[in-house]
Amino acid sequence: MTGGKLYDLRGVSKSFTKGKEKITIFNDLNMSISEGDFLAIMGPSGSGKTTLLNLLGGVDKPTGGEIWFDDSRVDNLSESQLAKWRANNIGFIFQFYNLMPMLNAERNVELPLLLTKLSAKERKKNVAAAMELVGLSDRAKHMTSEMSGGQQQRVAIARAIVSDPKLILCDEPTGDLDRKTADEILSMLQLLNREFGKTIVMVTHDPSAANYAKRVLHLDKGEFVEKDLVA
Amino acid sequence: MSDLYLVYKNLTRKKLRFFLTLFAIFIAFLIYGALTAFDTALNAGVELSADNRLVTVNKINFTQPLPISYVRKVETIKGIAAVVPLNWFGGYYKDPQQQVLTFAVDPPKLMAVYGDDLAIDEDHYKNWLKNQQGILVGKSVADMYGWKVGDRIPLNSNIFSKRDGSTSWEFDVEGIYTGKRPQADTNGVYIHYKYFNETQSFGGNYIGWMGIKTTDPALNEQVIKTLDEMFVNTPFETETVPEKAFNKSFIAQLGNIGLIISSVVFAAFFIILVIVGFSMALAIRERTGEIGVMKTLGFPSQRIFKMVLMESFMLTFLGGSIGLLVATLFLGFLNEAPQFPIADLILTKGIILQAVGVMIVLSLITGIIPAVNALKLNIVTALSRR
Ligand SMILES: Nc1ncnc2c1ncn2[C@@H]1O[C@H](COP(=O)(O)OP(=O)(O)O)[C@@H](O)[C@H]1O
Ligand SMILES: [Mg+2]
């Protein structure tokens, strides 16, 4: 089930200039994402998947067009406004986990909570809940460098959900994992979507990863080709 | 977990690099602390010199004598509160290597001029006045040779001899003086001028120089003029200077120690500036991806800027404080050693404040460039560089 409109991209374009050459990734891209959706974006390498995710996450700005989130425009926010917006609304999951190597697992999970007004006690409670959810309560004090890839990605998931954001953005979350572990992670994302109502946008080029999503978009040469799974 | 914890974890994540840079900073501040304390102690005489005191020496140079009769005459000058005659005895204890800075003085007049600086037990002082063979010993000297009140000790002169040809005088330690201020020099020994003059064979009623206390520093200039004019065209012309100037010229004879010390300290700081600067720059560069992630999570750039600066502050202040602490312990150890001849070496408030100032400047210089780089770091570039 999907609810109201969360994202609305209106005529978004993105291009880079490399020396004298102008590389256009998107030109007049239109799409919307509803609340509660689990969207998989697929496409060949270099098709602009990461660039799109960066635009959605507000870490990069479109060259043209508008991006609306929850009925307010976000592409024209200042850098510090965007930082605040990200902290409040989005959880990020990366291919290579991107954990802080000098912190243990629970402190990695606590990191986004430093951006909230929660007390130390409340932070601790939220961290414990997130660790519980990803099944790592017994590893809370472990250094992430001593963990397997799957465990590290679970720590990253806990970090992404600890501040209870509406939306989770994942860039190739299983790209560095074996099949079995990848399925575990994907099931976990599915659970977050189904049971906790998180909207998830996941970039992947793993075809079976798409099986966990509600909707798949194929990105090719800056254009979407939609294929409905329920066919 | 707080930002401070993150900063600490970042700082200490590469143990070897952390300890090496910390060690470099530690050494620099140890050198700074020890040498500056040494310099300050050397200059303590200058710093502690009173504004209302003058020194009158023979105009030719200060090794030439002045007649003792000058004391009476000078005492009459308007604006002068007290005058003390001093004569260099050139003493040593048992072995010419064991120099003792001994001065023949008129005790009440010594107190009248220098009493503000000398702390001495009232009864001991009275005993000293009564005993012509009595001496007043500075605490540093007493500690060095283990002299106690009541001891009878021999002092030789390498300038004067007694009427019987011997160069050895026997004295009774009647009192031990300390400084009223912590850095005061207590390396002197005072003997009675009267007794000295009666027993020495050199003859004549001469003194080495005069210490003078004026009633008001504002009158110094006038007093100096009147005094020196009083003896113009006599066989013993005088030159009177403020005590501060006199002490300064005395230290100047030791060579320009201040310059040497500043050069060493400057070199030490320059080296750590380079070491810490490079190490900070490298550390932040290596963390480009992590900084990108922090920003992605929503950490404002200014907060990351602050954290990088905090890191260089933490490093510098940690190393600097340990350096100053060890310098304090080291100086305390030197001060305890009885053979050590210099007035107490201490890290004064001024030295510590200056060190803190240096730490701040060092932290800013070494931290600002990496901090600005972190501030300006673009998330997309940072993440794609991983
Ligand atoms: N900062 C940039 N400057 C220039 N070209 C870029 C930049 N970022 C991405 N690109 C180019 O945009 C295209 C899409 O990149 P990306 O979004 O990372 O693709 P994907 O994630 O689908 O593999 C690639 O051809 C890439 O080289
Ligand atoms: Mg990509």
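Farthest towards the positive end of the charge dipole of chain B, among the residues B:Y177, B:N158, B:S301, is the Cα of B:S301, using unit charges on the Cβ of Lys, Arg, Asp and Glu.
Roughly how many Å is it from the Cα centre of the range A:1-56 to that of the range B:116-189, as a whole number? Going from one Cα centre to the other spans 93 Å. Relative contact order of the range A:96-212: 28 percent, from C-alpha pairs under 8 Å at least 6 residues apart in sequence. Taking only the alpha carbons of the range B:102-170, we obtain Rg and Dmax values of 13.2, 38 Å in that order.
Each of A:N108, B:L110, B:W209 was placed along the dipole of the protein assembly as shown (beta-carbon charges, centred on the mean Cα), and the one lying farthest toward the positive end is A:N108. The separation of the range B:1-69 from the range B:207-276, counted between C-alpha centres, amounts to 20 Å. Using just the C-alpha positions of the protein assembly as shown as equal point scatterers, what log10 of I(q)/I(0) does the Debye formula give at each q in 0.05, 0.09 1/Å? Here log10 of I(q) over I(0) equals -0.46, -0.78.
List the residues, sorted by chain then number, that are 5 or more residues from A:S15 or on another chain and whose placed amide H is less than 5 Å from its amide H. Residues meeting the amide H criterion: A:I25, A:T63.
Looking at the protein assembly as shown, what % of its DSSP beta bridges pair antiparallel, to the nearest 5? Antiparallel bridges: around 70 percent, rounded to the nearest 5. The mean number of Cβ atoms from other chains found within 10 Å of a Cβ in peptide B:95-108 is 0, as a whole number.
When DSSP beta bridges are limited to those with both residues in the range B:60-236, what percentage is antiparallel, rounded to the nearest 5? Once the DSSP bridges in the range B:60-236 are tallied, antiparallel ones form about 70 percent.
The residue list B:V189, A:G150, A:P207 was ranked by how far each Cα lies along the charge dipole of the protein assembly as shown toward its positive end, using unit charges on Cβ atoms, and A:P207 comes out on top.
For A:T181, what is the net charge nearby, where nearby means another residue's Cβ is under 13 Å from its Cβ and Lys, Arg count +1, Asp, Glu -1? That works out to -2. Other residues lying with their Cβ under 9 Å from the Cβ of A:T50 contribute a combined charge of -1, Lys and Arg counting +1, Asp and Glu -1. A Cβ-based charge dipole, computed about the Cα centre of the range B:60-236 with Lys and Arg at +1 and Asp and Glu at -1, lands at about 240 debye.
For the range B:60-236, the equivalent ellipsoid derived from the Cα gyration tensor has semi-axes of 28, 21, 14 Å, listed largest first.
Qualifying chymotrypsin sites (Phe, Trp or Tyr not before Pro) in the range A:93-132, where qualification requires a DSSP coil assignment and no more than 16 other C-beta atoms within 10 Å, comprise A:F96.
A Gaussian network model of chain A, with springs between Cα atoms under 10 Å, assigns the largest mean-square fluctuation among A:M202, A:M31, A:M42 to A:M31.
Accessible surface for chain A, divided over its residues, is 46 Å² per residue with a 1.4 Å probe.
Only helices reaching 27 angstrom along their own axis (Cα) with mean Kyte-Doolittle hydropathy no lower than 0.5 count here, and for the DSSP H runs of chain B these are B:15-42, B:257-286, B:301-336, B:349-376. What shape does the range A:148-227 take by its C-alpha gyration tensor, where a ≥ b ≥ c are the square roots of the eigenvalues and a/c under 1.5 counts as rounded, a/b above b/c as prolate, and the rest as oblate? It is oblate, given that a/c is not under 1.5 and a/b is not larger than b/c. The reciprocal of the average 1/r between distinct C-alpha atoms defines the Kirkwood hydrodynamic radius, which for the range A:56-167 equals 14.9 Å.
Only DSSP H runs of four or more residues enter the estimate; each adds -39500 (n - 2.57), and after division by the residues of chain A the mean residue ellipticity at 222 nm equals -9500 deg cm²/dmol. Just the number, please: percent antiparallel of the DSSP beta bridges in chain B, rounded to the nearest 5. Looking only at bridges with both residues in chain B, the antiparallel portion is about 80 percent. Taking the chain by itself as reference, the range B:1-38 contains these residues with an accessible-area loss of 50 Å² or more in the full protein complex (1.4 Å probe, heavy atoms): B:M1. Going by the alpha-carbon gyration tensor, a ≥ b ≥ c the square roots of its eigenvalues, is the range B:149-215 rounded (a/c under 1.5) or, if a/c is not under 1.5, prolate (a/b greater than b/c) versus oblate? Judged from the Cα gyration tensor, the range B:149-215 comes out oblate (a/c at least 1.5, b/c at or above a/b). Need the list of lysines near A:K61 for cross-linking: C-alpha distance under 25 angstrom, and skip anything on the same chain fewer than eight residues off. Within the straight-line limit of under 25 Å, A:K61 reaches these lysines: A:K5, A:K14, A:K18, A:K20, A:K22, A:K49, A:K84, A:K166, A:K198, A:K221, B:K295, B:K376. Per-residue surface analysis assigns B:K109 an accessible area of about 60 Å², computed on protein heavy atoms at 1.4 Å probe radius. Charge dipole (Cα centre; +1 on Lys/Arg Cβ, -1 on Asp/Glu Cβ; no other charges) of the range B:105-186 amounts to roughly 140 debye. Counting pairwise Cα distances across chain A, what percent come out greater than 28 angstrom? Tail fraction, whole percent: 30.
Charge dipole (Cα centre; +1 on Lys/Arg Cβ, -1 on Asp/Glu Cβ; no other charges) of chain B amounts to roughly 2100 debye. According to the calculation over all Cα-Cα pairs in chain B, the P(r) per 10 Å bin from zero is 5, 19, 22, 17, 12, 10, 8, 5, 2, 0 %. Structural descriptor for the range B:84-200: relative contact order 36 percent, calculated from alpha carbon pairs under 8 angstrom and at least 6 residues apart. Against the main long axis of the alpha-carbon atoms of chain A, helix A:179-196 sits at an angle near 90°. Taking the C-alpha atoms only, the angle from helix A:79-89 to the longest principal axis of chain A is near 60 degrees.
Take chain B, connect every pair of alpha-carbon atoms lying under 10 Å apart with a spring to form a Gaussian network, then pick out the residue of B:L282, B:L375, B:L297 with the largest mean-square fluctuation. The residue with the greatest mean-square fluctuation here is B:L297.
Legend: mean number of C-beta atoms from other chains within 10 angstrom of residue C-beta atoms, peptide A:80-89, equals 4.
The values are calculated or read from the model by the stated rules, or taken from the named source; none is laboratory data. All figures in this text were calculated on a predicted structure; none of them were measured in a lab. When we count neighbours, we look across all protein chains shown, and the Cβ atoms used for this are built from the backbone with ideal geometry, even at glycine. Accessible surface is based on the protein model in full, side chains and every heavy atom, while ligands, DNA and RNA are left aside. Shrake-Rupley method; radii C 1.70, N 1.55, O 1.52, S 1.80 Å.
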